[in-house]
Every structure is written in C-alpha cells, then in structure tokens.
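The values are calculated or read from the model by the stated rules, or taken from the named source; none is laboratory data. Small disclaimer: the values here were computed from a predicted structure and weren't measured. Quick reminder, even Gly has a Cβ in these numbers, built from the backbone with ideal geometry, and neighbours come from all protein chains shown.
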Amino acid sequence: MSVPFVRRAPTCLGCIRRLAQPFGSGNGSSNAVSLVQSRTKSNHLRPKDQGVVVRLLEDIPKFGRKHSIFRVERGRMRNEWYPHKKAEYMTISRFYELGLTRDDIGERDTTFGTVMAAEPDPIAEPVVPTMTVLTTPPEKAHTLLTTVIPETLTFRRKPIPVPTPTPAGAAPAPSISPLVASANADSAPEPNAPNAPLAIYGSVSATDIVGHIKTLLAGDADGSRIVLEPENIRFLGLAEEADRVKALGRWEVEISIGGTDLEPVRKMVEILPLSEGSGEDDSQSAS
C-alpha cells in the first residue's frame, strides 16, 4: 500500500503556493521548488514608551516646581534626578501614602524658571541707578576740620630771584624768561616796591590745599569720608575768582562744608621759601 505524499493539507500559505507550482526538471529551471521556508519580521511597531511618573523634590527649571507630578523619560530619572534626590518614583503605594490618585498626574511646565524679557515702555522714564556714598555728617566734618587740621598749613616753594637795578655804565642784565616775567607780573607788585611779596615758581592752589587736608585726615575713619572739593576753599583778601597764590607770605582761607549753613572753618596758609638742596617743592603742617 502506498503512503500518501502529503498526510494532511498544508496550512502555510507559502507551502500551498509551492505545491501548486509544477516541479522543474533541473536546478537551473525557473520553476524549481525552494525547499527553504522564510518568514519576514512583523513590521508592527512597539508602542512608544510614555516614561515614568515622578514627583519633584525641588524646583527644576523648564520642568516644574517642587511636588509637581508628571511623566519624564526613564533615562533622565534613572541617571540624573534619582541619584541626586531631585525626584522620586510615584508607585501605587506612594500615591496611596500621599492621598493622591492618577488624576493628579499633570504635565511638564517648560516655561518654569525662564526669564521673559519685558518689552520697554516708551512712555515710562528710564530709571537711573543711584550710587550710595558713605559720607561724614556735616556737623562731624566741621568738628574734625576745626580740631584735627592745624591752624597753619605750611607750603614750601622756590622763590624767584628779584633782579637788582643796573648801575649806570654797567652792562645790561641778562634777559629773563617771558614765563618768569609773566609770573612776577601776575603774582606780586613791582619787585622794587617796598614790602612787595616775593614771587615763587608755580603756585599754591585750592587743589593743593584740599590734597593736603585729605592727607591729614586719611588716618581718621570719619575724616577720610569728608567730601571736600577745591570749590570749598576760598582765599580771603584776594579777588573772588582767585583760587591760588603765587608769592611767599601768609594767607587766610575759608573751608566751607558744602550744602550746609554751617560757618566756614578758617585756617592760615603759609608759603615759605624752599630750603637749599631740596629737589622738589614740599608742604608740611605746623600748628
């Protein structure tokens, strides 16, 4: 009794198609039956991973505030947040402990922590930042200028030699620099006049006096914060606009406290000839 070639009907669609084709006579025939069954992979995509539900333990910019509950990528939670205790996993038991449900799962807040640039208001006036300067009160400044600063401020300057009159028949005196001549004319009367102050090279200005006073007050905590400008110094006995002297002698000055009605402090400025051998002008205080 012959055994049937096929014991039962094939169910594979590929097998049915091969059995329906005629057998070929050789390996090179186009009708040759392939004895290898091949199946292709399913092209159905896996559902996209929605991440894990987490609860933030601190504010995280571009994600949300502390205690926010939402879904986040597994890798971010596993590698960044959970090791540094920035967030915790929201399991079923954790929902139960906090008295929450799945309805409390929110969305990530991408705008949290970002600074939005406000549009400038064309009507509003620009705000100019003010600088707070720590200064000494006027009454305290007046007391320090009266007690700490000596009554006489001494400066030393090199005097300009006074030309002597040329005797009759003698050779004419050598000409002097126009700059020196101008200094003599601006600072003092004729050098041959009686009691004429001796002119000096340079001058002693209100700026020099201010610098000297600040040097004397530098060691005092309150004195170093006194606001003093050349405009606060005024020479008495000179023209109103004069802010310097160019001759030896004694000059009285007023030191005013700006912006107050306090009486100005009066001091004496003495200009002495520079001693021989000194290379530069110097100033010193004497009481």
- request: Go through segment 224-242 and count every residue that is touching a helix residue (DSSP H, G or I) at 6+ places or on another chain (Cβ under 9 Å), surrounded by fewer than 17 Cβ atoms within 10 Å (Cβ to Cβ) and in a loop (DSSP other than H, G, I, E, B).
  value: 2
field: Test for residue 150: is it at pLDDT 85 or above and assigned to a loop (DSSP other than H, G, I, E, B)
entry: yes
statement: Among residues of segment 71-93 being in contact with a strand residue (DSSP E or B) (Cβ under 7 Å, 6 or more places away or on another chain) and surrounded by fewer than 14 Cβ atoms within 10 Å (Cβ to Cβ), the residue nearest to residue 54 (Cα to Cα) is 89
statement: Counting only strands (runs of 3 or more DSSP E) wholly inside segment 49-113, the ones holding at least 3 residues that are touching a Gly at 6+ places or on another chain (Cβ under 7 Å) are 69-72
message: Please go through segment 213-258 and give me each residue that is on the phi > 0 side of the Ramachandran plot and of a type in the set (Lys, Arg), ordered by number.
response: none
task: For segment 231-243, state whether one or more residues are over 14 Å from residue 139 (Cβ atoms) and touching a residue at least 60 places away in the same chain (Cβ under 8 Å).
output: no
